[in-house]
1. Do you know which residues across segment 207-242 are out of contact with any Gly (no Cβ under 7 Å at 6 or more places or on another chain), small (Gly, Ala, Ser) and within 16 Å of the ligand (Cβ to nearest atom)?
2. Only one residue in Thr107, Thr103 is in contact with a helix residue (DSSP H, G or I) (Cβ under 6 Å, 6 or more places away or on another chain) and open to solvent by 10 Å² or more (accessible area, probe 1.4 Å). Which one?
3. Quick test for you: out of Arg417, Arg392, pick the one residue that is in contact (Cβ under 8 Å) with a residue 12 or more places away in the chain and away from the ligand (no atom under 16 Å from the Cβ).
4. Quick check on my filter: what residues within segment 253-262 are surrounded by fewer than 16 Cβ atoms within 10 Å (Cβ to Cβ) and closer than 21 Å to Arg95 by Cα?
5. Which ones in segment 222-247 are surrounded by 23 or more Cβ atoms within 10 Å (Cβ to Cβ) and free of Cβ contacts under 8 Å to residues at least 40 places away in the same chain?
6. When you scan segment 191-206, do you find a residue that is assigned to a strand (DSSP E or B), touching a Cys at 6+ places or on another chain (Cβ under 8 Å) and within 15 Å of the ligand (Cβ to nearest atom), even just one?
7. From Arg174, Arg250, grab the single residue that is more than 11 Å from the ligand (Cβ to nearest atom), of a type in the set (D, E, K, R) and buried (at least 16 other Cβ atoms within 10 Å of the Cβ).
8. Considering only segment 153-173, state which residues are free of Cβ contacts under 8 Å to residues at least 40 places away in the same chain and under 22 Å from Thr116 (Cβ atoms).
Amino acid sequence: MSDGGRGTQRAATRAGLDVAGLRGEFPIFAAMGPRFHYLDNAATGQICRAAAETLVDFETRARANVKRGVYRLADEATRAFEEARARIAGYLGAREAREVVITSGTTHALNLAAHTLCARLHPGDEILLTCAEHHSNIVPWQLAGRRAGAVIRAVPLAEDGRLDLDRLEALVSRRTKVVAATHCSNVTGALTDIGRLAEAARAVGAVLVVDGAQRAPHGPLDVQALGCDLYAFSGHKVFAATGAGALWIRGELADELPPFMGGGEMIRRVTLEASTFAPPPHRFEAGTPPIGPALALGAAVAWLAGLDWPAIHAHEQRLLERLLEGLRTIRGLRLLGPADTRARAPLVSFLVEGVHPHDVCQLLDAFGVCTRGGHHCAQPLHEALGAEASVRASIALYNDDADIDALLAGLEEVVRRLA
Ligand code: PLP
């Protein structure tokens, strides 16, 4: 199988960032040509060569099911799958690979978290969310919480469009059993102070679940230092294939939790009356996992882990500043959320006065610019920001000045023609 880290260190060097080299590691850019300005990275990132090659290699030359066969090909597939798990654990800063559950993505991971954690709740217990959550970190808690009779509360927004964490003291009590929050808003890009949430959760013995879908594409993590108990993310947003993601569960907690789905390979013993379950992570991985996408995810994060992240962060922040500056000069444009670049991932949502976000995106497409229009699966946040929907531009490590300038030129034209 192909080695995820092969020959790619040149893409980002200590001397500065070679963005063209980095783009060269993403096959889509050669396929689409220069008039392709992909700024929908918060929805899905483009696949990197390491992940694409690993996926094709597995499916065409090394395909077998994992955890079950005793012949060499199956054994090799199982070994590669467990190596991918270890690579993901490394990217997350987990203590052990067994703390990583392979899922189909963030949504699956958060449903798993909600189901298994809510199995321990009692009527009147509370789940604290924030109003900045993606629907994937709201609806699972509503479904599982309702079954347990739990009450859902939420941290509101402050004036500046960031979460009002000064309200934590009033919101967290001995009744709070779970706190679930996004690490980074998929609408405003604002990063959440997870340390502060962890402190509040720890003080009352609550479990802290973090939705890392929008933070994971911006460099390796340290879940130990963050102080959370569970961390979810999607492979397709970290430049791997669609179909696989991960849920990190702190080891001691994972040992205590019941399964989510039942089926093959998650059991110790099954009789027709009852079953006992395998230890984590297998207890949470019923059925055939997304093997190829999981291997691709392992290859992507191994490749990402070898890049120069201080240089990439500086590059992404510079593009974000260029974008914000340009947007501020466009007539009739309203930015949603924080106006500054402090503690924020490189994504921006905005409204063009009098023009529906879908129309804006459609016109931008004529300029070769891919952006997203809608509520971005964050209706409560849009409501808190006083908007139905918005246009979102989201930056990844391979974007460059030409992408930002094409967006700004396209927007000028949208305003000239439609606003
Ligand atoms: N959470 C956040 C913050 C997201 O931005 C997204 C997707 O956009 C999700 C969860 C859901 O991710 P997936 O569709 O990969 O499960």
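The values are calculated or read from the model by the stated rules, or taken from the named source; none is laboratory data. None of these values were measured; they are calculated from a predicted model. Positions of Cβ are backbone-derived with ideal geometry, glycine not excepted, and every protein chain shown enters the neighbour counts. Please note that ligands, DNA and RNA were not included when accessible areas were found on the heavy atoms of the full protein model with its side chains. Shrake-Rupley method; radii C 1.70, N 1.55, O 1.52, S 1.80 Å.
1. Across segment 207-242, the qualifying residues are Gly212, Ala213, Ala216, Ala240.
2. Details: Thr103 fails: open to solvent by 10 Å² or more (accessible area, probe 1.4 Å).
Unique residue meeting the criteria: Thr107.
3. Details: Arg392 fails: away from the ligand (no atom under 16 Å from the Cβ).
After ruling out the rest, the residue left standing is Arg417.
4. Filtering segment 253-262 down to residues surrounded by fewer than 16 Cβ atoms within 10 Å (Cβ to Cβ) leaves 253, 255-256, 258, 261-262.
Leu253, Asp255, Glu256 - these are the residues of segment 253-262 that are surrounded by fewer than 16 Cβ atoms within 10 Å (Cβ to Cβ) and closer than 21 Å to Arg95 by Cα.
5. Once the filter is applied, which keeps residues that are surrounded by 23 or more Cβ atoms within 10 Å (Cβ to Cβ) and free of Cβ contacts under 8 Å to residues at least 40 places away in the same chain, segment 222-247 yields Cys228, Asp229.
6. Narrowing segment 191-206 to residues assigned to a strand (DSSP E or B): 191.
Filter again for touching a Cys at 6+ places or on another chain (Cβ under 8 Å), leaving 191.
From the residues that got through so far, the ones that are within 15 Å of the ligand (Cβ to nearest atom) too are 191.
Checking segment 191-206: at least one residue is assigned to a strand (DSSP E or B), touching a Cys at 6+ places or on another chain (Cβ under 8 Å) and within 15 Å of the ligand (Cβ to nearest atom).
7. Details: Arg174 fails: buried (at least 16 other Cβ atoms within 10 Å of the Cβ).
None of the others qualify; the one that does is Arg250.
8. Of all residues in segment 153-173, those free of Cβ contacts under 8 Å to residues at least 40 places away in the same chain come to 153, 155, 158-159, 163-170.
Of everything in segment 153-173, just one residue is free of Cβ contacts under 8 Å to residues at least 40 places away in the same chain and under 22 Å from Thr116 (Cβ atoms), namely Arg153.
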